[in-house]
């Protein structure tokens with residue numbers, strides 16, 4: 001598909017989404033997916049100005065009125081906002097404003113006001129002689145719907161203004177449904193067997209557009225006002241918010257006056273982690289030039305004012321085109337499909353590859369190359385494809401056929417009963433060996449610094465390594481003169497290989513690459529059996545008794561330990577001088593029951609601090625979740641510390657950790 005065709009496809013898809021979202025109050029996709037598609041369309045239209053179309057969704061605001069209510073004309077039009085997705089976008093906005101404003105901004109003490117971007121429905125309220133005369137939706141920005149009785153039914157909307165308010169006043173605000181009201185409404189609908197609202201914004205729009213104002217009144221809607229459209233001309237946005245409050249109109253108390261764009265960026269970073277604790281949904285922050293005189297002078301594009309921008313929090317879901325599906329072979333021979341994507345911004349990073357999990361997901365979701373797919377961050381780390389975006393062209397693309405042979409060695413790829421993956425049947429598959437070597441040298445395993453993809457490929461290309469244990473048979477003479485491996489690098493690798501022979505037992509167990517044996521289960525096995533010999537002698541029943549192992553993992557361990565590859569490897573490790581350090585028995589119960597995460601720079605190696613925590617009864621994890629009970633904070637702690645605070649998780653300094661555990 002060329003870019004012209006893609007523009008037409010995006011315009012058709014987004015037009016359908018706009019109607020579903022703004023007119024029918026039944027969104028088909030998340031805001032994040034909609035935003036990512038709109039950004040793609042805007043960029044393509046920028047590259048092809050000859051294809052400009054005033055009816056493109058990128059040129060329109062909102063959606064046309066639904067037709068159930070009398071229409072109202074908006075003069076001036078109710079514009080939308082440009083979006084900023086990261087700090088670079090905010091700095092570019094600041095440069096544009098500074099260039100356009102020129103000397104007018106010189107000496108201004110606080111150029112920007114930052115306000116929460118409420119996820120609700122934009123409305124206009126018009127008061128005459130202090131009484132509410134009109135309430136309307138935004139509609140398409142030019143024409144909205146007269147919903148005066150429904151707005152008057154909302155407790156937060158004053159029907160009368162106090163003495164001193166302008167005789168004629170028109171204000172803009174956002175009707176929203178508080179989170180507690182949204183949850184209560186969906187519980188009621190579920191009990192009645194009715195469809196649930198997808199999000200608070202969708203629920204607010206549906207509630208405001210009821211034919212019966214009493215239904216609107218029962219939903220618990222609220223309102224924040226943030227703009228004076230007529231009736232007064234405050235000098236600044238901050239002054240406008242103060243006047244709205246004096247006149248009895250509800251104003252969000254959260255706002256920040258920022259001297260520089262760096263101050264604005266700091267607000268976005270500090271506000272984001274705790275936004276979920278607010279009683280209303282927020283999908284970003286609005287950054288406005290405080291000086292309204294300059295704002296008016298800078299004017300607007302067809303769609304948005306030039307002196308304001310919406311900073312959107314990093315999306316955890318986006319949409320992009322599936323360009324290809326690559327199948328990779330892992331250390332256990334598992335064939336894993338990976339999506340190759342058109343670049344898309346997701347959770348603050350550019351994503352071009354994502355997991356497709358297995359062939360069942362591809363078949364069940366009917367994912368085809370060329371489709372528009374939904375992508376999200378799994379656990380905020382790994383991007384994954386979760387389905388397709390409905391659209392034209394899907395049925396014309398051929399279904400994806402998962403390979404039945406190994407893409408590396410050509411051997412049959414077998415899927416055993418009860419398993420979700422196909423595996424290469426060739427025990428000597430070079431792809432298996434490569435991935436095993438990389439896994440063996442990884443930080444969670446034997447932590448062999450210098451054994452990265454470049455070095456592993458070099459060792460395989462030169463034929464120095466045919467089995468994992470061959471790594472530890474290497475001599476300085478073997479490495480001498482190897483291309484792309486200098487003398488210092490070779491000496492460092494030899495020292496690392498020697499040190500790996502005395503790594504802790506649990507790290508060696510991880511390095512063996514036994515299916516389903518990760519760091520936590522390896523720690524439990526090492527604690528229970530204390531040596532490789534003890535583990536090899538254990539029965540399946542004894543293995544299954546270990547906490548966190550279970551029958552399936554016990555079967556894999558027993559199969560490895562008694563199979564030809566495992567037997568050969570265990571023999572070789574003994575001959576090569578491996579003496580793994582057995583874990584110390586629990587020294588104290590100072591951290592019994594704690595689930596601990598370390599963050600920041602520590603004064604000792606992190607692996608050592610983790611071992612101390614485990615010896616005191618803690619379970620150590622790498623990432624913060626809602627299960628986490630304690631975060632130990634080192635120097636220069638960043639996002640993990642912010643996340644811990646936002647979730648209300650207890651923290652302690654490294655010094656406090658040392659005092660509690662007796663580690664000094």
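The values are calculated or read from the model by the stated rules, or taken from the named source; none is laboratory data. Note that the structure is predicted; figures quoted are calculated from it, not measured. Glycine also receives a Cβ, built like all others from the backbone with ideal geometry; neighbour counts cover every protein chain displayed.
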Quick one: count up the residues across the stretch 391-422 that are closer than 15 Å to residue 364 by Cα and touching a residue at least 40 places away in the same chain (Cβ under 8 Å).
4
Counting just the residues of the stretch 66-96 that are under 24 Å from the mean Cα position of the chain (by Cα) and in a loop (DSSP other than H, G, I, E, B), which one comes out nearest to residue 283 (Cα to Cα)?
85
Residues located in the stretch 97-141, provided they are assigned to a loop (DSSP other than H, G, I, E, B) and surrounded by fewer than 17 Cβ atoms within 10 Å (Cβ to Cβ):
106, 107, 108, 109, 110, 129
Checked the stretch 208-244 for anything in contact (Cβ under 8 Å) with a residue 40 or more places away in the chain and farther than 30 Å from residue 292 by Cβ; matches are 209, 210, 211, 213, 214, 216, 217, 219, 220
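Specify which of the listed residues (350, 404) is within 26 Å of residue 43 (Cα to Cα), loosely packed, with under 14 Cβ neighbours inside 10 Å and not assigned by TED's automatic domain parsing to the domain that holds residue 435. Working first, answer last.
On the way: 404 fails: within 26 Å of residue 43 (Cα to Cα).
Every option except 350 fails the conditions.
May I ask you to say which residue of 582, 554 is within 16 Å of residue 522 (Cβ to Cβ) and assigned by TED's automatic domain parsing to the domain that holds residue 521? It would help to see each step written out before you state the result.
Details: 582 fails: assigned by TED's automatic domain parsing to the domain that holds residue 521.
That would be 554, the only listed residue that is within 16 Å of residue 522 (Cβ to Cβ) and assigned by TED's automatic domain parsing to the domain that holds residue 521.
May I ask you to verify whether residue 258 is surrounded by fewer than 20 Cβ atoms within 10 Å (Cβ to Cβ), touching a helix residue (DSSP H, G or I) at 6+ places or on another chain (Cβ under 9 Å) and either in the same structural domain as residue 117 (by TED's automatic domain parsing) or under 30 Å from residue 648 (Cβ atoms) (or both)?
On the way: surrounded by fewer than 20 Cβ atoms within 10 Å (Cβ to Cβ): yes; touching a helix residue (DSSP H, G or I) at 6+ places or on another chain (Cβ under 9 Å): yes; either in the same structural domain as residue 117 (by TED's automatic domain parsing) or under 30 Å from residue 648 (Cβ atoms) (or both): yes.
Spelling it out, residue 258 is indeed surrounded by fewer than 20 Cβ atoms within 10 Å (Cβ to Cβ), touching a helix residue (DSSP H, G or I) at 6+ places or on another chain (Cβ under 9 Å) and either in the same structural domain as residue 117 (by TED's automatic domain parsing) or under 30 Å from residue 648 (Cβ atoms) (or both).
Can you go through 174, 214, 233 and tell me which one is at negative phi and modelled with pLDDT under 85? Reasoning before the result, please.
On the way: 174 fails: modelled with pLDDT under 85; 233 fails: modelled with pLDDT under 85.
Unique residue meeting the criteria: 214.
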Keeping to the stretch 9-61, report how many residues are under 18 Å from residue 390 (Cα atoms), surrounded by 14 or more Cβ atoms within 10 Å (Cβ to Cβ), modelled with pLDDT of 70 or more and over 23 Å from the mean Cα position of the chain (by Cα).
7
Single match in 226, 280 (criterion: touching a strand residue (DSSP E or B) at 6+ places or on another chain (Cβ under 9 Å), assigned by TED's automatic domain parsing to the domain that holds residue 125, under 23 Å from residue 180 (Cβ atoms) and not in a loop (DSSP other than H, G, I, E, B))
226
Of the criteria (1) at pLDDT 75 or above; (2) farther than 14 Å from residue 138 by Cα; (3) in contact with a strand residue (DSSP E or B) (Cβ under 8 Å, 6 or more places away or on another chain), which one residue 79 fails
(2)
Out of (1) under 26 Å from residue 622 (Cα atoms); (2) within 30 Å of the chain's Cα centre (by Cα), the one residue 397 does not meet is (1)
Tell me whether the stretch 582-597 contains one or more residues that are buried (at least 17 other Cβ atoms within 10 Å of the Cβ), at pLDDT 85 or above, within 32 Å of the chain's Cα centre (by Cα) and in a helix (DSSP H, G or I).
no
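Hey, could you check the stretch 360-373 for residues that are touching a residue at least 60 places away in the same chain (Cβ under 8 Å) and surrounded by fewer than 21 Cβ atoms within 10 Å (Cβ to Cβ) and say which is farthest from residue 312 (Cα to Cα)?
360
With a cut-off of at least 3 residues that are under 22 Å from residue 551 (Cα atoms), at pLDDT below 90 and over 33 Å from the mean Cα position of the chain (by Cα), name the helices (runs of 4 or more DSSP H) lying wholly within the stretch 413-529. Explain how you work it out, then say what you get.
Working: elements: 430-440, 453-461, 476-479, 487-499, 505-511, 519-529.
Helices (runs of 4 or more DSSP H) meeting the threshold: 519-529.
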If a residue has to be outside any strand (DSSP E or B), under 17 Å from residue 95 (Cα atoms) and touching a helix residue (DSSP H, G or I) at 6+ places or on another chain (Cβ under 7 Å) to count, how many in the stretch 294-315 make the cut?
4
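Report whether or not residue 174 is surrounded by 21 or more Cβ atoms within 10 Å (Cβ to Cβ) and under 19 Å from residue 279 (Cβ atoms). Reasoning before the result, please.
On the way: surrounded by 21 or more Cβ atoms within 10 Å (Cβ to Cβ): yes; under 19 Å from residue 279 (Cβ atoms): yes.
Yes.
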When the stretch 615-634 is examined, which residues are found to be touching a helix residue (DSSP H, G or I) at 6+ places or on another chain (Cβ under 6 Å), modelled with pLDDT of 85 or more and in a strand (DSSP E or B)?
631, 632, 633
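Which of the following residues is farther than 25 Å from residue 402 by Cα and in contact (Cβ under 8 Å) with a residue 24 or more places away in the chain: 331, 345? Reasoning before the result, please.
Details: 331 fails: farther than 25 Å from residue 402 by Cα.
Answer to the check: 345.
Provide a single number: the residues in the stretch 635-664 that are more than 26 Å from residue 277 (Cα to Cα), assigned to a loop (DSSP other than H, G, I, E, B) and modelled with pLDDT of 90 or more. Give the steps one after another, and end with the answer.
Kept after step one, since they are more than 26 Å from residue 277 (Cα to Cα), are these residues of the stretch 635-664: 635, 654-664.
Filter once more, keeping what is assigned to a loop (DSSP other than H, G, I, E, B): 662-664.
Filter again for modelled with pLDDT of 90 or more, leaving none.
Selection size over the stretch 635-664: 0.
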